[in-house]
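Read through the structure below, which is laid out as structure tokens, and then see the notes.
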Amino acid sequence: MKDTGLRQKRAEALYAVYRRGLEEGRFDSLFAAGKWCARQPAPCFYISSKRASLLIGRICAGDRLEDLHRSKRRMAMRLFMDYKQFLSTHPGTPLSRERILEILVDEPAPEFYITGEMARKILREQIKKARKRKRWFESY
């Protein structure tokens, strides 16, 4: 994911899930938190429609997406299934693949499609930012 706006939104959403998990007592370490948070439902897919369209095009062409991490392949396959479902429920749609994917990537996603390790890295950064904000507010 290269879009910094999407990265930041994903980080904020993941941190919100982490905070909820803390309040509910879902984990007892950052290691467990990363795994748990990564598998929670996400507000959207956190991928640009253009990138998603390219991946769907590759799948349609028979590419197995071996160059992608397992979690990104799962996301691509989920979007591909959603894309096929959209086409079957809207036969003859004049919308382009990219326009359809603009709609689909903004739908809630069943997970964040990142590894527990990546989730921990993001969470560490978000926790650090939250502590810094807290210290700043306490100083005034």
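The values are calculated or read from the model by the stated rules, or taken from the named source; none is laboratory data. Quick caveat: nothing in here was measured; it's all calculated off a predicted structure. Every residue, glycine among them, receives a Cβ derived from its backbone with ideal geometry; neighbour counts consider all protein chains shown.
If you check Gly92 against the conditions, is it surrounded by fewer than 16 Cβ atoms within 10 Å (Cβ to Cβ) and out of contact with any helix residue (DSSP H, G or I) (no Cβ under 8 Å at 6 or more places or on another chain)? Write out each step before concluding.
Numbers: surrounded by fewer than 16 Cβ atoms within 10 Å (Cβ to Cβ): yes; out of contact with any helix residue (DSSP H, G or I) (no Cβ under 8 Å at 6 or more places or on another chain): yes.
For Gly92, the condition - surrounded by fewer than 16 Cβ atoms within 10 Å (Cβ to Cβ) and out of contact with any helix residue (DSSP H, G or I) (no Cβ under 8 Å at 6 or more places or on another chain) - is met.
Tally up the residues in region 41-61 that are under 20 Å from Pro110 (Cβ atoms) and among the basic types (Lys, Arg), please.
Qualifying residue count for the region: 1.
Which of the following residues is closer than 23 Å to Cys44 by Cα and touching a Phe, Trp or Tyr at 6+ places or on another chain (Cβ under 7 Å): Leu95, Leu104?
The conditions single out Leu104.
Which ones in region 1-56 are acidic (Asp, Glu) and in contact (Cβ under 8 Å) with a residue 24 or more places away in the chain?
Asp3, Glu12, listed by residue number.
Is it the case, given these coordinates, that Gly5 is modelled with pLDDT under 95, assigned to a helix (DSSP H, G or I) and in the same structural domain as Ala130 (by TED's automatic domain parsing)?
Details: modelled with pLDDT under 95: yes; assigned to a helix (DSSP H, G or I): yes; in the same structural domain as Ala130 (by TED's automatic domain parsing): yes.
Criteria met by Gly5.
Specify which of the listed residues (Arg73, Arg78, Arg64) is over 16 Å from Asp106 (Cα atoms), within 13 Å of the chain's Cα centre (by Cα) and not assigned by TED's automatic domain parsing to the domain that holds Lys129.
Of Arg73, Arg78, Arg64, the one residue that is over 16 Å from Asp106 (Cα atoms), within 13 Å of the chain's Cα centre (by Cα) and not assigned by TED's automatic domain parsing to the domain that holds Lys129 is Arg73.
Does Tyr15 count as in a helix (DSSP H, G or I), assigned by TED's automatic domain parsing to the domain that holds Ala130 and among the hydroxyl-bearing types (Ser, Thr, Tyr)?
Numbers: in a helix (DSSP H, G or I): yes; assigned by TED's automatic domain parsing to the domain that holds Ala130: yes; among the hydroxyl-bearing types (Ser, Thr, Tyr): yes.
For Tyr15, the condition - in a helix (DSSP H, G or I), assigned by TED's automatic domain parsing to the domain that holds Ala130 and among the hydroxyl-bearing types (Ser, Thr, Tyr) - is met.
So which residues in region 87-140 are among the acidic types (Asp, Glu), modelled with pLDDT of 95 or more and not in a loop (DSSP other than H, G, I, E, B)?
Those that are among the acidic types (Asp, Glu), modelled with pLDDT of 95 or more and not in a loop (DSSP other than H, G, I, E, B): Glu98, Glu102, Glu117, Glu125.
Every residue in region 42-78 that is out of contact with any helix residue (DSSP H, G or I) (no Cβ under 9 Å at 6 or more places or on another chain), part of a helix (DSSP H, G or I) and small (Gly, Ala, Ser), please.
Result: no residue meets the conditions.
Conditions (1) assigned by TED's automatic domain parsing to the domain that holds Leu14; (2) among the polar types (S, T, N, Q); (3) surrounded by 12 or more Cβ atoms within 10 Å (Cβ to Cβ), marked per residue:
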| site | (1), (2), (3) |
| --- | --- |
| Leu101 | no, no, yes |
| Leu104 | no, no, yes |
| Tyr113 | yes, no, yes |
| Arg131 | yes, no, no |
| Lys134 | yes, no, no |
